[in-house]
Amino acid sequence: MGALIMIFTADHFERKYVIFADTVVWFIGLFLFSIKIGTTIFIGSFLASMALGMYLQVAYTYTAENYPTRARSSGFALTDGIGHVGGALGALLLPVIVSAYSFSFGFKFIAITGLIAGILALFGPKSSKLTLEEISA
């Protein structure tokens, strides 16, 4: 669902703001998921899944276009690789957090880290409706 929404919206808004908005939806979704009361787990998982589909489409583009042409492939590969290492560590860390604290705390922790990523994106350069040369300058 999120990826389909991005087909119609990704190029109409500044990417770093879209990333931030997506991480806010991610935060809300995981927060609702962590509550585990009635339908909140379903609504939360829907919102979190939708936000992930929205976020990834724009974040990959935003990451790549912020490197100059001569370093774009290497820069994106390095950045993407670091992101995958972070995801792998998160997958290993979540069961430890859930065991030590609670299910709710573990998913709230993930929600907060995602929101922090969105806040960090706000400090990046604007890139929508600019050529790659303009972004690199």
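Here segment 2-127 is treated with +1 on each Lys and Arg Cβ and -1 on each Asp and Glu Cβ, and its dipole about the Cα centre works out to around 140 debye.
Once you have the Cα-Cα distance between residue 36 and residue 102, take 0.36 nm times their residue separation minus that, and quote the gain in nm to one decimal.
On the way: separation 66, 0.36 × 66 = 23.76 nm, distance 1.18 nm.
22.6 nm is the gain from fully extending residue 36 to residue 102.
Placing R0 at 35 angstrom, the Cβ-Cβ distance between residue 12 and residue 69 gives a FRET efficiency of 0.90 after rounding to 0.05.
Translational diffusion coefficient of segment 33-127 at 10 °C, 1.306 mPa s, Stokes-Einstein with Kirkwood Rh over Cα pairs, in µm²/s as a whole number.
Values: Rh = 15.2 Å.
Value of D from the Cα-based Kirkwood radius: 105 µm²/s.
Only DSSP H runs of four or more residues enter the estimate; each adds -39500 (n - 2.57), and after division by the residues of the chain the mean residue ellipticity at 222 nm equals -26500 deg cm²/dmol.
None of the figures in this text is laboratory data; all of them are computed from the coordinates on show. From a predicted model like this one, the values you see are computed outputs, not experimental measurements. Positions of Cβ are backbone-derived with ideal geometry, glycine not excepted, and every protein chain shown enters the neighbour counts.
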